[in-house]
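Taking it in order: structure first as structure tokens, then the write-up.
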Amino acid sequence: MAQLTMYPAVVNSPGTELAAAISVSDTTITLVSVMGIPAAPNLLTIGSDETAETIRYTAVNGKTLTVERAFQGAAKSWSAGAKVARYFTAYDYDALRQNVGDLDASKETPAGAQAKANTAEANAKNASASKVHAHAAGDISSGTLHVDRLPKASTGAQGIVQLNNATNSPATDQAATAAAVKAAMDQATAAFTSASDGKNQIAEAITGKGVPAAGSDTFPVLSNKIGQIQTGVKKANGTIPEVTTVVENYAAISITVTGLTFKPSLLQLRTYDNQTDGDLYLYSYGANLVNNFATNNRTKTTKNAVATMNNDGFNVKIYWGAYYAYDIQWTAVE
């Protein structure tokens, strides 16, 4: 049971008087003097016989007290001059008796004290026998942390991880060692070198087919150049603007073509005479065709005709009479 409030007493219970009359419902009273009145809260008795009223005051402001009426006894009207004092009241006695009784009921018995001592001893022995106990990792600033208390790492949380030398492990809670990183780097370097060597070989093969290529070309570029490789017999054609000179009364035309991807084995030249109303001149050069010459209406005799086949083109010099020619069309076959 809860202890009752016990209010301080005053030696010899000094008294005073009401300075003004009060009614049954008044909750403030004014005293002639507050000398000897204990600090609030406390009890006072108005009157001195069996008609007295015990009140409890909660505040003192000058000589005016804020009170709780009929704390013990009935509230009534009192005249000015009624005696007021801090007497020993029935409440004081009842509170003392109840509080002492509660303490007596809750006091420890010898048997109870022994049981508590036995429990404390057993708890102490169990705590001493346990060598491993739990603490949050953040609470430990020194000493050795038991491995079971170390947090495990994952892709979503920090923690300890096991080192691993493998370069093909799918584990997400282990860390690669420097040796594993080096092994992976060595494999990547070897793959890059192999790919680079392969590109160089492809580029050489493409170049060998007449399309210039380099190992520094990207794979899409190399693929495009592979598509440019010509299969079967190679040929090329073009037009040379009129360039003529007169040598010993002969019209001389010199033709040089370079940049072909093959060495011609057959060459044919065509032009129209600008002096004979469109005569066609046809020159053919090859292994079995040397200085062959024809026109559409008559035969012309050349002073000389020379053709030289090169690895990437040809040179031709043609002489004929005093005639001049328009642009020359040429066709070369590998």
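The values are calculated or read from the model by the stated rules, or taken from the named source; none is laboratory data. Note that the structure is predicted; figures quoted are calculated from it, not measured. Methodologically, a virtual Cβ is constructed for each residue, glycine included, from the backbone with ideal geometry; neighbour enumeration extends over all protein chains shown.
Within the range 34-86, the set of residues being surrounded by 20 or more Cβ atoms within 10 Å (Cβ to Cβ) and touching a residue at least 60 places away in the same chain (Cβ under 8 Å) comprises 78, 84, 86. For the range 157-207, the tally of residues that are over 33 Å from the mean Cα position of the chain (by Cα) and outside any helix (DSSP H, G or I) stands at 0. Each residue in the range 1-54 was checked for being more than 22 Å from residue 80 (Cβ to Cβ), of a type in the set (Gly, Ala, Ser) and touching a Lys or Arg at 6+ places or on another chain (Cβ under 8 Å), and 1 pass. Consider the range 87-109 and keep the residues that are assigned to a helix (DSSP H, G or I) and among the aromatic types (Phe, Trp, Tyr). The one that is surrounded by the most Cβ atoms within 10 Å (Cβ to Cβ) is 91.
Within the range 166-180, if we keep just the residues that are surrounded by fewer than 12 Cβ atoms within 10 Å (Cβ to Cβ) and out of contact with any strand residue (DSSP E or B) (no Cβ under 7 Å at 6 or more places or on another chain), the residue that is nearest to residue 213 (Cα to Cα) turns out to be 168. One residue stands out in the range 1-32 among those that are modelled with pLDDT under 95 and of a type in the set (Gly, Ala, Ser): the one that is nearest to residue 65 (Cα to Cα), namely 15.
Listed by first and then second residue, the pairs linking a residue in the range 102-125 that is within 21 Å of residue 3 (Cβ to Cβ) to a residue that is loosely packed, with under 10 Cβ neighbours inside 10 Å and of a type outside the set (Lys, Arg), with Cβ atoms under 9 Å apart and 6 or more places separating them unless they lie on different chains, are 102/1; 102/2; 105/1.
Inside the range 208-225, can you point out the residues that are in a loop (DSSP other than H, G, I, E, B) and either within 23 Å of residue 312 (Cα to Cα) or not hydroxyl-bearing (Ser, Thr, Tyr) (or both)? Once the filter is applied, which keeps residues that are in a loop (DSSP other than H, G, I, E, B) and either within 23 Å of residue 312 (Cα to Cα) or not hydroxyl-bearing (Ser, Thr, Tyr) (or both), the range 208-225 yields 209, 210, 211, 212, 213, 214, 215, 217.
Entry remark, the range 147-156: residues being out of contact with any Gly (no Cβ under 7 Å at 6 or more places or on another chain) and in a strand (DSSP E or B) number 1 in total.
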